[in-house]
Structures are given as C-alpha cells and as structure tokens.
Amino acid sequence: MIYEGKSLTVNLLQDGIAELIFDAQGSVNKFDRQTVADLDAATQALVAHSEVKGVVVRSAKSTFIVGADITEFTDLFEMPDAEVLAWVGKTSRVFDRFEDLPFPTIAAVNGFALGGGCEMTLACDFRVADTTASLGLPEVKLGLMPGFGGTVRLPRLIGADNALEWMTTGRDRKALKALSEGAIDAVVAPDKLTEAAISMLKDAIAGDFDWQARRAEKKAPLTLNQNEAMMSFSTAKAMVFAQAGKHYPAPHMMVETISKAAGLDRDGALKLENQGFAQLAKTDAAKAQVGIFLADQLVKGKGKNKQKQRKKKSN
C-alpha cells in the first residue's frame with residue numbers, strides 16, 4: 001500500500017504500476033474537500049515512491065466520479081471574492097501536481113466522469129473508457145464553469161470548437177462519441193477496462209506511446225493561428241448569445257476565458273480559469289441555479305426514502 005485515505009487508495013501492482021482507486025464512503029465518488037486532500041497526499045506519496053513507473057486511475061464503484069460535491073458550494077458563495085479565488089486556485093493546483101508526475105498516467109473510465117471527474121481524466125496522459133462511460137463538463141447548468149483545469153486541458157486535447165460545444169451546452173458524451181472527438185484514446189468492454197488500461201500504460205512506460213509529448217501538448221498554448229482563433233471564438237460568441245442570451249453569464253465567461261487563454265501556457269491559462277470561476281461563483285445566476293439543483297436533489301432523496309419505506313412495509 002502506497003497511500004490510504006478516506007476516499008481513495010494507492011496500491012503497487014507488478015512491474016512498477018501503481019493503481020489509484022477512488023472509493024468514497026458514499027454510493028458515488030465526488031470531489032469534495034476530503035477527496036481533493038486525499039488526491040494531493042496520494043500524489044506526494046507517488047512521487048516519493050522509488051518503484052513507481054506509471055499510474056492507473058480508476059473507480060471501485062459502478063461509476064467513475066460524478067463531479068464536485070455541490071453541497072459545499074453554498075459555503076463557497078458566502079466567502080469573500082479573494083477567498084473564492086484562493087480556494088479554486090489551491091484546488092486546481094492539486095490537479096496540476098498530479099499531471100506533473102514524473103511518469104505516465106492513464107484513467108480507466110467507467111460510468112459517469114462529469115465535472116471534476118472529467119477534469120481528473122484530463123489531468124491524465126491517456127484515457128481508456130468502457131462502453132458504459134459518459135464524460136462531460138456540465139458546470140454551465142449550475143451557472144458556473146469548470147474550475148479544475150477543464151477550460152485549459154480540453155481545448156488543447158480536442159480543439160477549441162469541440163471543447164466550447166461541450167462546455168457551453170453542458171451535455172455529456174457517450175464513450176464512442178468522446179473517442180471520435182479525441183477526448184479518450186480507446187473504448188473497451190467493461191470486463192476488459194482495467195486490463196486495457198494497464199496494457200496501454202505498459203506501452204507508454206516502454207516508450208511505444210510518447211506520453212511526454214502528449215502531456216506537453218496539454219501544457220502548451222493552443223495551436224490556432226490568428227484567423228482560426230478569430231473565426232472560432234466569434235462563432236462561439238454568436239452561438240452562446242443566441243442560446244443563452246445575456247442573463248446567463250457562465251457560457252459567455254467560458255468563451256471569453258478560452259479566447260484570452262489561447263496564446264498562454266497551462267499555468268497562465270489556469271490563472272484566467274481561476275478568475276472566471278471565482279467571478280461566476282459570486283453571481284446571482286450561480287446561486288439560483290445551484291439552489292434549484294440542491295432543492296431538486298432533496299426532493300429526489302425524499303422520494304427514494306419513501307420508496308424504501310414502502311418496500312420495508314410490504315415485506
């Protein structure tokens with residue numbers, strides 16, 4: 001055992017391969033404060049372990065990671081602006097440190113990888129998904145934007161146009177669609193997922209896949225010339241205004257952030273993402289949309305409890 005936290009563990013397998021397994025105490029994995037702290041500690045433990053040559057990231061549950069813990073966002077809205085910016089910057093750097101590990105990494109994605117879960121896969125060098133997988137960045141539905149590197153890594157992986165469509169609509173992608181757009185590298189049957197991820201990781205360790213070049217692409221400026229950038233972002237701005245109007249600032253902020261960050265490296269682009277997220281977190285739209293989401297979850301939770309009670313009575 002390399003690391004054991006409350007929401008994840010890291011084990012050393014054969015041939016120098018480590019397995020980072022998300023397994024929170026609840027029914028699904030979420031990126032709450034505890035999980036972020038565990039990820040940071042696990043990353044430090046991996047760096048310190050001399051035998052590790054590569055890392056597979058997977059979930060012990062039937063789904064990968066469903067996103068951030070939205071219940072923690074109500075506290076976020078009450079923080080002063082500077083504290084919100086500091087929080088998102090500190091959290092974002094946890095993903096950066098994982099991405100900067102001195103060996104290749106691969107995410108084995110099953111079920112939903114949404115929001116922070118999708119951003120976790122983007123921090124890996126490679127991604128293999130099973131046929132049940134769906135990936136997406138739905139933060140716009142909460143009046144927010146990705147805050148853990150999504151606006152930086154996804155455009156550099158699949159292109160600005162595709163990434164903006166993912167983020168401004170908030171719609172997730174099934175595995176084969178994500179594969180066709182370049183967001184993942186392979187799709188396999190569920191019972192072959194871990195095996196396929198380990199096999200791909202071994203190839204990367206052996207030098208058959210250039211993981212360092214792949215990582216460098218995600219950390220470099222976007223490969224757009226001036227005309228391409230103008231066309232891409234002008235089209236995106238027009239589409240967002242037509243769909244969202246002026247009363248929903250999140251999609252507009254995404255386009256503006258990615259446009260301004262296009263010529264910057266990862267660290268510079270992430271500063272703009274941090275600022276955009278912090279600004280949106282203080283808007284009335286975000287507070288309202290998160291409030292609606294939490295109220296809806298409460299109603300669904302009560303409905304499930306009533307169903308359980310009925311089943312107990314019938315038994």
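The values are calculated or read from the model by the stated rules, or taken from the named source; none is laboratory data. It should be emphasised that the depicted structure is a prediction, and the values quoted were computed from it without experimental measurement. Heads up, the Cβs are rebuilt from the backbone with ideal geometry, glycines too, and the neighbour counts pull from every protein chain shown.
Per-structure values
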{"read-out": "The stretch 213-223, residues that are of a type outside the set (Gly, Ala, Ser), assigned to a helix (DSSP H, G or I) and either free of Cβ contacts under 8 Å to residues at least 24 places away in the same chain or buried (at least 16 other Cβ atoms within 10 Å of the Cβ) (or both)", "value": "Arg214, Arg215, Lys218, Lys219"}
{"read-out": "One residue from Thr151, Thr194, Thr168 being in a helix (DSSP H, G or I) and touching a strand residue (DSSP E or B) at 6+ places or on another chain (Cβ under 7 Å)", "value": "Thr194"}
{"read-out": "Verdict on Leu137 being aliphatic (A, V, I, L, M), crowded, with 20+ Cβ neighbours inside 10 Å, more than 15 Å from Leu20 (Cα to Cα) and in contact (Cβ under 8 Å) with a residue 40 or more places away in the chain", "value": "no"}
{"read-out": "Candidates Val88, Val109, filtered to the one that is buried (at least 19 other Cβ atoms within 10 Å of the Cβ), more than 30 Å from Lys192 (Cβ to Cβ) and of a type in the set (A, V, I, L, M, F, W, C)", "value": "Val88"}
{"read-out": "Test: residue in the stretch 49-65 that is closer than 27 Å to Ala281 by Cα and either among the hydrophobic types (A, V, I, L, M, F, W, C) or in contact with a Cys (Cβ under 8 Å, 6 or more places away or on another chain) (or both)", "value": "yes"}
{"read-out": "Test: residue in the stretch 270-293 that is modelled with pLDDT under 75 and either part of a helix (DSSP H, G or I) or under 20 Å from Trp87 (Cβ atoms) (or both)", "value": "no"}
{"read-out": "Given (1) surrounded by fewer than 20 Cβ atoms within 10 Å (Cβ to Cβ); (2) among the small types (Gly, Ala, Ser); (3) in contact (Cβ under 8 Å) with a residue 12 or more places away in the chain, index of the condition Ala48 fails", "value": "(3)"}
{"read-out": "Qualifying positions in the stretch 18-41 - surrounded by fewer than 22 Cβ atoms within 10 Å (Cβ to Cβ) and not in a loop (DSSP other than H, G, I, E, B)", "value": "Glu19, Ile21, Arg33, Gln34, Val36, Ala37, Asp40, Ala41"}
{"read-out": "Looking only at the stretch 151-205, and only at residues there that are modelled with pLDDT under 95 and of a type in the set (Ser, Thr, Tyr), the one that is surrounded by the most Cβ atoms within 10 Å (Cβ to Cβ)", "value": "Thr168"}
{"read-out": "Residue within the stretch 71-78 that is at pLDDT 95 or above, touching a helix residue (DSSP H, G or I) at 6+ places or on another chain (Cβ under 7 Å) and surrounded by 14 or more Cβ atoms within 10 Å (Cβ to Cβ) present", "value": "no"}
{"read-out": "Single unsatisfied condition, Ala68 versus (1) modelled with pLDDT of 95 or more; (2) surrounded by 20 or more Cβ atoms within 10 Å (Cβ to Cβ)", "value": "(1)"}
{"read-out": "Met231 more than 27 Å from Val94 (Cα to Cα), among the hydrophobic types (A, V, I, L, M, F, W, C) and assigned to a helix (DSSP H, G or I)", "value": "yes"}
